[in-house]
Amino acid sequence: MNPNELMHVANAMVSKGKGILAADESTGTIKKRFDSIKLESTEEHRRSYREMLFTAPAASESVSGVILYDETIRQKTKDGTPFPQYLMKQGIIPGIKVDEGAKPLAGFPGETVTEGLDGLRQRLIEYHGLGALFAKWRAVIDIAEGIPTWAAIKANAHALARYAALCQENQIVPIVEPEVLMDGAHSLERCEEVTNLVLQTVFEELSQQRVLLEGMVLKPNMVISGKKAAHRAGPEVVAEATLRTLKRHVPPSVPGIAFLSGGQSPQEATLHLALMNKLGPTPWSLTFSYGRALQDTALKAWGGAAANFSAGQREFSKRAKLNGLATLGRYTAEMESQAA
């Protein structure tokens, strides 16, 4: 393990004014996205869609890295350039999703544990050879009656830490993603309580597995009311609660925090990020690692039609630019109606 190289990549991933595009949807997930625009999910349609995002003009001004899926890291642009190679030429760091999804946790109804540790070392060696400099592993914690349990939090935190250690052994920066879902009807206070426990446990496990904190990136949820909550907390409250929680548990040696959007609307996710950056200095860079919140408007504008390729790129560039401004605390809601 070369600590200096890991730290260099981690810092580049969270550089100010930029964030990470999560384009690592599984084949099943991308099919659902394509269903929404009535497009068949073929390998060529998936390749073309990803190419639209990756080759968007000026993307590198607001995008520091892209998380790829196993299929995507092996695909090429129309002119035959492998995607990782193309991204590196643009100054964008290629990464790879390596987990195999959240599966039911035996003995704990309604809870999951993320699988994929078996054979991970060999897969990381292969992905590094294909050009990946960072990886991502997502743990999923749900809030409902009687859950999450301590056992489920502990199992997921342990798996995240083992994954992170294996990544660093193979010169790959781990994105550590413990996601407390916003799917329920819970209050912001309940989300804060669970997120506190999750982050505390994750960093205890990372320490025990000897993970170099300076060579990783944290990808947490924001502290936010459940989608089905009768009364949802306002943006300022979300920003303050999220920062309060992170300051309690995230060591200053972590170079950056790249938030997931977790089902927020594109505008909501961008506003929350901007408000946090306006609240004042933090020991770590606060940026984004968004999937839907960066892609939704681009997907709709493209609609699967070659004639709309540029329109899709314009939408993607606009959202990336707005989120880049949010990392500097310079985004305002009025910018939504202005041209990219």
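Quick notes
- Size descriptors for the range 274-340 (Cα atoms only): Rg and Dmax, in that order, 13.8, 45 Å.
- Alpha carbon convex hull of the range 85-173, volume per residue in cubic angstrom: 95 Å³
- For Ala311 and Glu240, the FRET efficiency from 1/(1 + (r/R0)^6), where r spans their Cβ atoms and R0 equals 30 Å, is about 0.20.
- Whole-percent carbon and sulfur share, accessible surface of the chain, 1.4 Å: 52 percent
- Out of every Cα-Cα pair that the range 1-96 contains, those further apart than 24 angstrom amount to 25 percent.
- Residues Asp35, Asp79 ordered from highest to lowest accessible area at a 1.4 Å probe: Asp79, Asp35.
- Cβ-based net charge around Met13, under 14 Å, with every Lys or Arg adding one and every Asp or Glu removing one: +1
- log₁₀ of I(q)/I(0) at q = 0.12, 0.17, 0.20, 0.25 Å⁻¹ - the range 220-317, Debye sum with one point per alpha carbon: -0.47, -0.79, -0.97, -1.27
- Per-residue SASA remark: Glu169, around 90 Å² accessible (1.4 Å probe; ligands, DNA and RNA not included).
- Accessible surface computed residue by residue for the chain, with neighbouring protein chains in place and a 1.4 Å probe, gives 41 Å² per residue.
- C-alpha center-to-center spacing [the range 288-340, the range 219-284] in angstrom: 20 Å
- Here the Gaussian network model covers the chain, with springs between Cα atoms less than 10 Å apart; of Leu213, Leu197, Leu68, Leu197 fluctuates the most.
- Nearby aspartates and glutamates by direct alpha-carbon distance to Lys318 (threshold 19 angstrom, same-chain neighbours under 8 apart not counted): Glu51, Glu61, Glu268, Asp296, Glu334, Glu336
- Subset of Lys31/Lys219; Lys76/Lys227; Lys78/Lys300; Lys136/Lys300; Lys97/Lys278; Lys76/Lys97 violating a 28 Å alpha-carbon distance limit: Lys76/Lys227; Lys97/Lys278
- By the equivalent-ellipsoid construction on the alpha carbon gyration tensor, the range 115-256 comes out with semi-axes of 29, 16, 13 Å, ordered largest to smallest.
- Accessible area of Leu218 in the full protein assembly, 1.4 Å probe (Å², nearest 10): 0 Å²
- Estimated translational diffusion coefficient (Stokes-Einstein, Kirkwood radius over Cα pairs, 4 °C, 1.567 mPa s) of the chain: 65 µm² per second.
The values are calculated or read from the model by the stated rules, or taken from the named source; none is laboratory data. The structure presented is a predicted model; accordingly, all values stated were derived computationally and were not measured. Positions of Cβ are generated from backbone atoms using ideal geometry, with glycine treated the same way; all protein chains shown enter the neighbour counts. Heads up: the accessible areas ignore ligands, DNA and RNA and are worked out on the full protein's heavy atoms, side chains in. Shrake-Rupley method; radii C 1.70, N 1.55, O 1.52, S 1.80 Å.
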